There are 4 protein chains.
Amino acid sequence: MELPELREEVCAANIALAAQGLAPFTWGNASGADRERGVFAIKPSGVPYEVLRPKDIVVVDIETGAVVDGAQRPSSDTPTHRRLYQAFPDVGGVAHTHSHYATVWAQTCRSIPCLGTTHADAFAGPVPVTRFLDAAEVARNYEDETGGIIAECFGAGAADPMEVPGVLVAGHAPFAWGANVQKAVEHAGILEETARMAFHTLLLNPTVAPLPEHISGKHFARKHGPDAYYGQPGG
Amino acid sequence: MELPELREEVCAANIALAAQGLAPFTWGNASGADRERGVFAIKPSGVPYEVLRPKDIVVVDIETGAVVDGAQRPSSDTPTHRRLYQAFPDVGGVAHTHSHYATVWAQTCRSIPCLGTTHADAFAGPVPVTRFLDAAEVARNYEDETGGIIAECFGAGAADPMEVPGVLVAGHAPFAWGANVQKAVEHAGILEETARMAFHTLLLNPTVAPLPEHISGKHFARKHGPDAYYGQPGG
Amino acid sequence: MELPELREEVCAANIALAAQGLAPFTWGNASGADRERGVFAIKPSGVPYEVLRPKDIVVVDIETGAVVDGAQRPSSDTPTHRRLYQAFPDVGGVAHTHSHYATVWAQTCRSIPCLGTTHADAFAGPVPVTRFLDAAEVARNYEDETGGIIAECFGAGAADPMEVPGVLVAGHAPFAWGANVQKAVEHAGILEETARMAFHTLLLNPTVAPLPEHISGKHFARKHGPDAYYGQPGG
Amino acid sequence: MELPELREEVCAANIALAAQGLAPFTWGNASGADRERGVFAIKPSGVPYEVLRPKDIVVVDIETGAVVDGAQRPSSDTPTHRRLYQAFPDVGGVAHTHSHYATVWAQTCRSIPCLGTTHADAFAGPVPVTRFLDAAEVARNYEDETGGIIAECFGAGAADPMEVPGVLVAGHAPFAWGANVQKAVEHAGILEETARMAFHTLLLNPTVAPLPEHISGKHFARKHGPDAYYGQPGG
């Protein structure tokens, strides 16, 4: 069995998605990449989280999409993960969920505006929403094209995927990512709470203004900027 | 004691309804059919889930409604279950709950529109809502007539009960079903989350459009169509 | 120590209020009456549920309000309980909570309309809301007068407290009751879920009509009427 | 290691914040003061609650802001806590959270009106919301200035911080405080439930009036006034 550590991390990350309530009814999957070997490891399709073990994880080639290790069929969303690894070279982990409030936003086809420092601490700007795929794209390769419309949201400098580590697929659900699969799961969880806060904020005040930029920028910078002073030195 | 396996499955399914929070205060019941023998097994009326055991389950004749095995009185909703087994010949299990958001939709007398792929993955179209029973129907046989107005929603090709495995009874609560009692409980749970997602989506955007059909059709087909590729082969 | 069984029931009922999430931060109390002896037993004031034991329960005379047994000061809401035992002769238990959605309704000073069978199964009509106490009543005896305005809602045949076993005190929170303290706690829990369902129903459709009376009447009767057929015979 | 008892209390209080769901993803921190020694003890920055131990707690001088004991970097919000200890001489504990509904109110920049006795029992008036910091204040010392705009809300007799033990920082999140760190955590929890109740009350009735003052005043007084009769004597 190849890549035992990566398999273990990816297995634990998928179980964490379910344990945190982000992936009810097995609606979710997480993957982690080994960039040196040009592969990523992902959950097999339709296997319940309770019985998932590292040996079930499937290893897929980023360039060709071929299964390079593993006896089972990979998640049906595998082509979306692969497309994201191709489009975002610094991403080392991807998490897809149907977490409740992030999915609600996706169903309304609205990006999530930055309404407070909780959002600003994790996302440097709104969480974007994709367009819908058209009928031809769905017919061609639904899951691969889904990755394509996600990448569109970050193209031409629209946003840096490492500073806005998540997206809403219109009518579908969120994807989140990060430097590794643990970070991808963490961002999926923060995205859910961010979506829930923005949802209730708009219910209480439908015309609320975004957080002033001199505050949102400060919050992102104190955690992630070159002079970040959150956490312990070297931690 | 007849049908020990079916009793055990039905007992476990009723306990699962409660454990998943779908049937607070014993407001719910699940049944499973043995089509060869023309019977179904159902929860006894008013017995708390904590003390429910397979021997308490009551076996009822689908054609006559007579109790054929079991010492207790069956659920007061038994005639509704029976009517569904009569109307829907491929159904092997039925679950009735008062799960929160599905009941809220039932109380508003609105069918649940398909607003996203979470819905489309499980229901091929809106989840219909019945009309109200009139006073004469209530007086005649309330529970049997309830099954009748459910069947009406699927009559004349309005929907296929195996592709839309649930319904809302106006002013009352949901029923769900499936090939067996486990599937009925699973669909009851998915119906609740679907109802909750649609509820919050409409709160955020009261005029949201349904998911485009080229996407909803794709999602149902990749899980349930002749060329389904979700899950493991033969799984 | 007098009335050891009643003390034990009342102690367990108070703990159940907290365990079911109906009384966060010790905001709640339950009492049970011994009508033959003309007393009721109630939680002491400000004692956390985790350390509450039967010996802490305080026994109070229904007619005089005097403590007849117990070393601690009774709940500050004791005069309200006492007034309800005086006004409603068939009531054997009272529960006061600050459960979330029932309190929200109380804060809006709206009675809860009967919007579905979940409500109709437990309450034969809307759950009424009191008027506000005026300044003179507050100054005179706040807790006793609170019981007085509750009783007002059921006076002159407005409603039968045994068929509508709960109320909302305007700007404050709910009280529920029943034949004994266990029933009072059960009704407090059902009132909370009923309030939550009605809340979400009105959010989805602010102009929803009440459940037709030929259906609500049927539901209350099949559980509580002279020909009730819910549950087991003699159960 | 200095101040072992205070460290233990502060450690336990931080863990309680997380256990009560008030500080998801380590978004929160609590501190406790030793007024005689002129110091306060606070959580280290970015350390997960699961591994937090009394020895990790950092002790800071109230006057100078210098770390006087502890090997780790204190919470990035330390200057805000310090400013509150300077401004409010009777405060012995401070808790900062991103609890959901209190943060939602902060994001709408609205103070929480007193809509019921649950609020009045803990806060003698609305929970105020600060103004936004301007760009110069953010650049100067963001966290210290945050304490400054909190103190502004209580200046010139606007409110007594010991009678209104919490605040919302506009666009950010709540702070709560009390006579010691345990009280600060308790008030943070009550603020969250108060915020959640007011949120749902306004959703059900956007034009609801505040609780009449003859009732809110009575409730605060019966718990906190000179003739308080809630709880046990001397308790």
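Taken together, the values in this text are just the output of simple stated rules run on the coordinates, not laboratory data. Predicted, not measured: the structure shown is a model, and the values here were computed from it. Here the Cβ positions follow ideal geometry from the backbone for every residue, glycine too, while neighbour counts run over all protein chains shown.
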- Message: Starting from the Kirkwood Rh over alpha-carbon pairs, what translational D in µm² s⁻¹ does the protein assembly as shown have by Stokes-Einstein at 25 °C and 0.890 mPa s?
- Response: 82 µm²/s
- Task: Just need the relative contact order of chain D here, percent rounded to a whole number, with Cα pairs under 8 Å and 6+ apart.
- Result: 21 percent
- How far is D:Asn141 from the same spot in each other copy, in nm, shortest first, if each label point sits 7 Å from Cα toward Cβ? 5.7, 5.7, 8.1
- Task: Filter the GluC sites (Glu not before Pro) in segment D:71-162 down to the DSSP loop ones having no more than 13 other Cβ atoms within 10 Å, then list what survives.
- Result: none
- Which of the lysines could a cross-linker bridge to C:Lys183, judged by Cα under 23 Å and excluding same-chain residues fewer than eight apart? C:Lys43, C:Lys55, C:Lys218, C:Lys223
- Task: Quick one: check the C-alpha center-to-center distance for segment B:139-181 versus segment B:8-49, whole angstrom.
- Result: 17 Å
- Which residue of chain D is nearest the rotation axis onto chain B, counting by its Cβ, and what is the distance in whole Å? D:Leu203, 5
- Note on the structure: The set of residues whose placed amide H lies less than 5 Å from the amide H of C:Asp69, leaving out same-chain residues fewer than 5 positions away, is C:Val59
- Ascending list, in nanometres, of distances separating the B:Gln86 label from those of the other copies (7 Å, Cα toward Cβ): 5.7, 5.7, 8.1
- Message: Taking each pair of distinct Cα atoms in segment A:135-235 once, what is the resulting Kirkwood hydrodynamic radius in Å?
- Response: 16.1 Å
- Task: Work out, in µm²/s and without decimals, the Stokes-Einstein translational diffusion coefficient of segment D:4-223 at 20 °C, 1.002 mPa s, Rh from Kirkwood over C-alpha pairs.
- Result: 123 µm²/s
- Query: Can you pull out the GluC sites (Glu not before Pro) in segment B:9-59 that DSSP calls coil and that have at most 13 other Cβ atoms within 10 Å?
  - Reply: B:Glu36
- Note to self: Kirkwood Rh of segment D:184-224, Cα pairs, one decimal, Å, is 11.8 Å
- About the Cα centre, charge dipole magnitude for the protein assembly as shown (Lys/Arg +1, Asp/Glu -1 at Cβ), debye: 600 debye
- Using modelled amide H (1.01 Å from N, peptide plane; none on Pro or chain starts), what sits under 5 Å from the amide H of C:Asp34, excluding residues fewer than 5 places away? C:Val39, C:Phe40, C:Ala41
- Note on the structure: Over its alpha-carbon atoms, segment D:99-154 yields an Rg and a Dmax in Å of 13.3, 41
- Task: Starting at the first residue of segment C:91-96, write each ³J(HN,Hα) from the Karplus equation 6.51 cos²θ - 1.76 cosθ + 1.60 with θ = phi - 60°, in whole Hz, x for Gly and Pro.
- Result: 7, x, x, 9, 10, 10
- With Rg and the Kirkwood Rh both taken from Cα atoms, where does Rg over Rh land for segment C:1-121? 1.00
- Any idea how far apart D:Gln20 and A:Asp69 come out in nm if each label point goes 7 Å out from Cα toward Cβ? 4.8 nm
- Taking each full run of DSSP H in chain D as one helix, which ones are at least 15 Å long along their axis (Cα atoms) and have mean Kyte-Doolittle hydropathy of at least -0.5? D:4-19, D:135-153, D:181-204
- Query: Shortest first and in nm to one decimal, what separations exist between A:Pro48 and its copies in the other chains, measuring from label points 7 Å along the Cα-to-beta-carbon line?
  - Reply: 2.7, 2.7, 3.8
- Quick one: which residues, 5 or more positions from C:Val127 or on another chain, have an amide H under 5 Å from its amide H? H modelled 1.01 Å from N in the peptide plane, none for Pro or chain starts. C:Ile112
- Of all trypsin sites (Lys or Arg not before Pro) in segment C:95-175, which ones are in loop regions per DSSP and have a Cβ with at most 16 other Cβ atoms within 10 Å? C:Arg131
- Item | Charged-residue dipole, Cβ positions (Lys, Arg, Asp, Glu), segment C:4-224 about Cα centre, Debye nearest 20 | 360 debye
